[in-house]
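Read the structure below first, then the notes.
The values are calculated or read from the model by the stated rules, or taken from the named source; none is laboratory data. Worth saying up front: this structure is predicted, and the values here are computed from it rather than measured. Only protein heavy atoms, including side chains, enter the accessible area calculation; ligands, DNA and RNA are left aside. Shrake-Rupley method; radii C 1.70, N 1.55, O 1.52, S 1.80 Å.
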Amino acid sequence: EDKVVQSPLSLVVHEGDTVTLNCSYEVTNFRSLLWYKQEKKAPTFLFMLTSSGIEKKSGRLSSILDKKELFSILNITATQTGDSAVYLCAVFYTGTASKLTFGTGTRLQVTL
Amino acid sequence: DAGVIQSPRHEVTEMGQEVTLRCKPISGHDYLFWYRQTMMRGLELLIYFNNNVPIDDSGMPEDRFSAKMPNASFSTLKIQPSEPRDSAVYFCASRTGLAGSEQYFGPGTRLTVT
């Protein structure tokens, strides 16, 4: 069965800390992996990764994909309280139909 | 562009009533997706359409759920009859036909069935 697993499920850090969120997947016909940030509303897009070893970066956030080991990490450096959210990993793959399957998310809380 | 539009934003109904959720995708997007999100199960894909045609409805929980897309700018998700376990946030999302392209989510409809 195709699946996407995120860890940890939740995390509490102090402002200024660096965090690493993990996403592993088992799917057939992998096409891409996407990261979303969800605050108290709809998920918003962060990154899309298709190639191994190429880091995507946006400000304090960065992400990388390992297609051999079937995982991705999302790093956030110098965390701020505004980074508090649920971070969702999703994998786009093709088979009988094209699908984007989401992990259950990592809930990050950044405290002062 | 206004983004993906969903209505209503909140819906409270009694068990057994019919509920209709509405979605207007971003103009020009070929794909439309309906998701349900709960604390227990996370974000689940219910059904998706390509060029108004349902492609995969394997995530639809049971026959009480149905979805239609009569044209490229409108889709509905109907629950009849509704049950308390249907309480969740229902998201609509759309994207272009490019492989792996980003999905844009609507603001969601928070459904409470009492």
Over 30 Å (Cα to Cα) among A:Lys67/B:Lys68; A:Lys56/A:Lys99; A:Lys67/B:Lys78; A:Lys41/A:Lys68; A:Lys57/B:Lys68 -> A:Lys67/B:Lys68; A:Lys67/B:Lys78; A:Lys41/A:Lys68; A:Lys57/B:Lys68
Buried accessible surface, B vs A, both sides, probe 1.4 Å, in Å² to 100, equals 1500 Å²
For region A:49-61, in residue order, the Karplus 3J(HN,Hα) values (coefficients 6.51, -1.76, 1.60; θ = phi - 60°; whole Hz; Gly and Pro = x) are 10, 10, 10, 5, x, 9, 7, 9, 9, 8, x, 7, 9
In order over region B:66-71: 3J(HN,Hα) from phi, Karplus 6.51/-1.76/1.60, θ = phi - 60°, whole Hz, x for each Gly or Pro, gives 9, 9, 9, 9, x, 8
Which residues qualify? For B:Ser87, with a placed amide H closer than 5 Å and at least 5 residues away or on another chain, they are B:Val113
For region A:32-48, in residue order, the Karplus 3J(HN,Hα) values (coefficients 6.51, -1.76, 1.60; θ = phi - 60°; whole Hz; Gly and Pro = x) are 7, 10, 10, 10, 10, 10, 10, 8, 8, 7, 6, x, 10, 5, 10, 9, 10
Regression test value, accessible area per residue of chain A, probe 1.4 Å, units Å², expected 50 Å²
Subtracting the Cα-Cα distance of B:Arg85 and B:Ser27 from 0.36 nm times their residue separation yields 17.6 nm
A student applying the Cα gyration tensor rule (rounded when a/c is under 1.5; otherwise prolate if a/b is larger than b/c, oblate if not) would label chain A prolate
With a 1.4 angstrom probe the carbon and sulfur portion of accessible area for region B:3-114, in percent, totals 50 percent
Cross-link reach from A:Lys3 to aspartates and glutamates, straight Cα distance under 20 Å and at least 8 residues apart if same chain, gives A:Glu26, A:Asp66, A:Glu69, B:Glu44, B:Asp56, B:Asp57, B:Glu102
